[in-house]
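Here's the structure we're looking at; comments come further down.
The values are calculated or read from the model by the stated rules, or taken from the named source; none is laboratory data. As the structure is a prediction and not an experimental result, all values here were calculated from the model. When we count neighbours, we look across all protein chains shown, and the Cβ atoms used for this are built from the backbone with ideal geometry, even at glycine.
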Amino acid sequence: MLIVAGEALVDLVPREGEKDVYEASLGGSPYNVAIGLGRLNNVVAYAARLSQDSYGDRFVAGLKHSGVDLSFVERSREPSALAFVTPGTAASGPRYSFYLRGTSYDGAPPFPKVWPARISHLHVGSIAAMEGISGEATATAMQAAKGNISTSFDPNIRPLIIPPRADVLPVVEARVRLSTYVKASEEDLAWLYPGRSAAESAKAWATLGPKLVVLTRGAMGAEAWFGKHHVFAPVHKAPVVDTIGAGDSFMSALLTAIVADAALRPNPPDPHEEQVRGWLGFACKAAAFTCTRQGADPPTMAELDKFAG
């Protein structure tokens with residue numbers, strides 16, 4: 001079983017052609033990754049606090065519908081967290097404004113006190129992995145996991161809600177050191193390391209301890225660094241309707257491909273170039289599929305099998 005920990009947010013997206021009218025959809029990077037993993041036939045659980053309000057009920061229903069285990073979900077009395085979304089382009093990606101304080105997000109995620117033997121991997125990311133009580137609990141969980149299960153991390157930087165760069169950078173690098181696999185976008189690394197190319201930053205991260213560091217570059221595809229190796233995978237071409245959730249679909253598909261090669265476990269062997277190229281290609285395909293429809297709506301395995309792009 002894989003566990004995904006982190007925030008679930010109600011994404012409020014402007015309705016096309018109507019000013020100041022928003023449509024609500026379920027989101028939050030870790031929530032999206034859990035949904036994506038479930039739809040790709042993984043055994044996955046989600047660890048988070050979800051509200052008892054109607055949106056919380058929708059989050060629970062969405063997880064169940066995608067086959068995600070709810071054993072580590074805690075229901076809270078606070079309302080669901082909100083994110084106002086401004087859709088972007090294939091190059092820029094969407095922009096967000098967050099409302100988190102006094103919501104179900106505002107507390108420590110319900111990590112198990114003793115990790116069940118059936119758990120083989122922990123994925124963390126985004127705001128909840130770095131900020132406040134949740135960030136502290138995430139660091140503790142990753143430290144407990146190290147050497148016992150594999151881990152992955154996606155910083156998914158949100159500058160408007162996290163602390164200043166000088167405070168965040170050591171937190172991010174500490175999570176990188178505790179991770180087996182790391183994925184970051186060009187935007188993430190540009191914000192963390194202004195004045196240095198994203199490729200240089202990703203290559204530097206690969207020396208901090210992870211088995212693999214992946215850089216996503218939107219319409220330019222994806223790259224990975226591992227040991228002394230570097231691999232590139234082109235974007236999987238498809239008509240773009242919406243880029244929201246594409247990075248999360250990439251993450252869930254990347255983990256799925258690693259699972260298929262039995263490399264999502266404690267102390268996995270070093271990957272080889274063709275293997276990583278296959279992982280990136282599968283992840284790019286899932287991201288491209290997600291861009292063909294509105295919102296963060298990751299594909300099922302059956303949909304990916306039929307998708308030519």
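Values computed for the structure shown
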read-out: Boolean, Glu78 is at pLDDT 90 or above, surrounded by 14 or more Cβ atoms within 10 Å (Cβ to Cβ) and among the charged types (D, E, K, R); value: yes
read-out: Strands (runs of 3 or more DSSP E) (entirely within segment 164-281) containing at least 2 residues that are touching a residue at least 60 places away in the same chain (Cβ under 8 Å) and surrounded by 14 or more Cβ atoms within 10 Å (Cβ to Cβ); value: 181-185, 212-216
read-out: Filter pass, Pro159 being over 20 Å from Val172 (Cα atoms) and either assigned to a loop (DSSP other than H, G, I, E, B) or without any contact (Cβ under 8 Å) to a residue 24 or more places away in the chain (or both); value: no
read-out: Residue count, segment 139-168 (criterion: at pLDDT 95 or above and in contact with a helix residue (DSSP H, G or I) (Cβ under 6 Å, 6 or more places away or on another chain)); value: 4
read-out: Qualifying residues in segment 218-251 (those that are within 15 Å of Leu304 (Cβ to Cβ), touching a Lys or Arg at 6+ places or on another chain (Cβ under 8 Å) and of a type outside the set (Phe, Trp, Tyr)) - the one modelled with the lowest pLDDT; value: His236
read-out: Selected residue (criterion: modelled with the lowest pLDDT) from residues of segment 81-103 that are buried (at least 17 other Cβ atoms within 10 Å of the Cβ) and over 19 Å from the mean Cα position of the chain (by Cα); value: Tyr99
read-out: In segment 118-156, the residues that are touching a residue at least 60 places away in the same chain (Cβ under 8 Å) and in a helix (DSSP H, G or I); value: Ile127, Ala128, Ala129, Ser134, Thr138, Ala141
read-out: Verdict on Ala24 being hydrophobic (A, V, I, L, M, F, W, C), modelled with pLDDT of 95 or more and within 27 Å of Arg101 (Cβ to Cβ); value: no
read-out: Leading residue by the ranking (farthest from the chain's Cα centre (by Cα)) among those in segment 5-52 that are of a type in the set (A, V, I, L, M, F, W, C) and not in a strand (DSSP E or B); value: Val21
read-out: Selection count, segment 1-57, where residues are surrounded by fewer than 24 Cβ atoms within 10 Å (Cβ to Cβ) and aromatic (Phe, Trp, Tyr); value: 2
read-out: Among (1) under 20 Å from the mean Cα position of the chain (by Cα); (2) closer than 30 Å to Val10 by Cβ; (3) of a type outside the set (Val, Ile, Thr) - the single one Pro239 does not satisfy; value: (1)
read-out: Those residues of segment 191-236 which are small (Gly, Ala, Ser) and over 20 Å from the mean Cα position of the chain (by Cα), in sequence order; value: Gly195, Ser197, Ala204, Gly227
